[in-house]
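Written out below as structure tokens is the structure these notes cover.
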Amino acid sequence: MTSITEIAPDIYRISTYEPKIDMQFIQFLVQDEEPLLFHTGLKGMFPLVRDAVAKIINPSQIRWISFSHFEADECGSLNEWLTIAPNAQTVCSPIAAFVSVDDFAIRPSRSLQHTEVLNTGKYSFQFQHTPQVPHGWDAGLLFETTHKTLFSSDLFHQFGDVEAITESDVIKECSNFSNTN
């Protein structure tokens, strides 16, 4: 089952739950002048994610596609997205572009340096080069600077079909952890 949650104005969390492994696969969609999709999902999940995106915007309007690291659940359907969105370009770290993305993708990527900013219209995303976090030397995260939303992948993984994690959830968990130790 795929669900859509607006987590900030015009920023959506798309979640597909796979009960066989009790796990969610998450994408983020930014509805803006130049729409951004963060994580494409597995190649086999492309129809589910595409249909969820279509409930918000026309999928062919995607301008930017990004992900935290080169791995099937983060970018397995990258070429399917590049095919249906003719103006889309991949955004990733220079290492990811050199060792994986530009070899795999049907179009060249745009690599961002650490702290470089990508503007999508009303939103700005600062690229954070984070080698080995969540994992992989090519890793990087996007930080939306207006509402302070971090686009990550495996950092806050939870098993089950659960709601989006918010800042208050993290603060509560940290408080609970410090009270038990």
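The values are calculated or read from the model by the stated rules, or taken from the named source; none is laboratory data. What you see is a predicted model, and the numbers here were worked out from it, not measured in a lab. With ideal geometry, Cβ positions are generated from the backbone for all residues, glycine too; neighbour counts draw on all protein chains shown. Heavy atoms of the whole protein, side chains included, go into the accessibility calculation; ligands, DNA and RNA do not. Shrake-Rupley method; radii C 1.70, N 1.55, O 1.52, S 1.80 Å.
Miscellaneous remarks
- Under 30 Å between alpha carbons - lysine pairs in the chain that sit 8 or more apart or on different chains: 9
- Proximity of backbone amide H atoms, modeled 1.01 Å from N, is registered between T120 and F125 at under 5 Å, excluding neighbours fewer than 5 places apart on the same chain.
- Dipole of the chain [Lys/Arg +1, Asp/Glu -1 at C-beta], most positive-end residue of L150, P59, N87: N87
- Accessible area per residue, Å², region 53-115 with all protein chains present, probe 1.4 Å: 43 Å²
- Separation of the K43 and E116 label points, Cα + 7 Å toward Cβ, nm: 2.8 nm
- Positive dipole terminus of the chain, leading residue within V117, A139, Q128 (C-beta point charges): V117
- For the residues H114, H129, a 1.4 Å probe over the protein chains yields an accessible-area ranking, largest first, of H114, H129.
- These residues, I106, I4, I65, go from largest to smallest accessible area, 1.4 Å probe, as I106, I4, I65.
- Label assignment, Rg and Dmax of the Cα atoms in Å derived from the structure, set (1) 17.8, 58; (2) 16.4, 49; (3) 15.8, 53: (3)
- Share of carbon and sulfur in the accessible heavy-atom surface of the chain [1.4 Å probe, %]: 55 percent
- Using a Förster distance of 30 Å, the FRET efficiency for I106-Q132 (Cβ separation, nearest 0.05): 0.60
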